[in-house]
1. Working out 0.36 nm times the residue gap between SER52 and PHE103, then minus their Cα-Cα distance, what length gain in nm do you get to one decimal?
2. Pop a pseudo-label 7 angstrom from the Cα along the beta-carbon direction at both LYS112 and THR80 and give the gap in nm to one decimal.
3. For ARG61 and ILE124, FRET efficiency with R0 = 30 Å and r from the beta-carbon atoms, rounded to 0.05?
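What follows is calculated from the coordinates using simple rules that are stated; it is not laboratory data. All values derive from a computational prediction rather than experimental measurement. Positions of Cβ are generated from backbone atoms using ideal geometry, with glycine treated the same way; all protein chains shown enter the neighbour counts.
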Amino acid sequence: MKKGTSLIELDRGYVEVDAAEEVFTVGGKWEEPLKKKAKIYMVTGPANSGKSTFCRFLLNRHHAHPTYLLDIDCGQPNYTLPGQVSLTRDHHMSTVKVVKSYFLNCNNPSDKPELYLDAIASLIKTFTL
């Protein structure tokens, strides 16, 4: 996978999107993954590549259906305070509910790797119940 890749579609293969090139372009590469109707997306990429912007784009495009976001960036989370990982439910763009979150008391997973992985495992388990 090349550096700068922002989206991996799980379920039916994958689609690579370079967020650094297409940060504010709605259409083009950012529309392509939505055509495949994946149920799970994994957004990754280097700092300042547009990951949070792309997540907001995905959530806005799926606003007609309840959408879950597993936010594992404890340094700059989308809906919770820094130092937390969380599972949120987004419905109708303005209604976000934190389903479950863990306060790790750190902004870098390498500070507390076991706690970080245990928290993520618990959030995934909560989502799959």
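1. 16.4 nm
2. Between LYS112 and THR80, the simple spin-label model gives 1.1 nm.
3. 0.80
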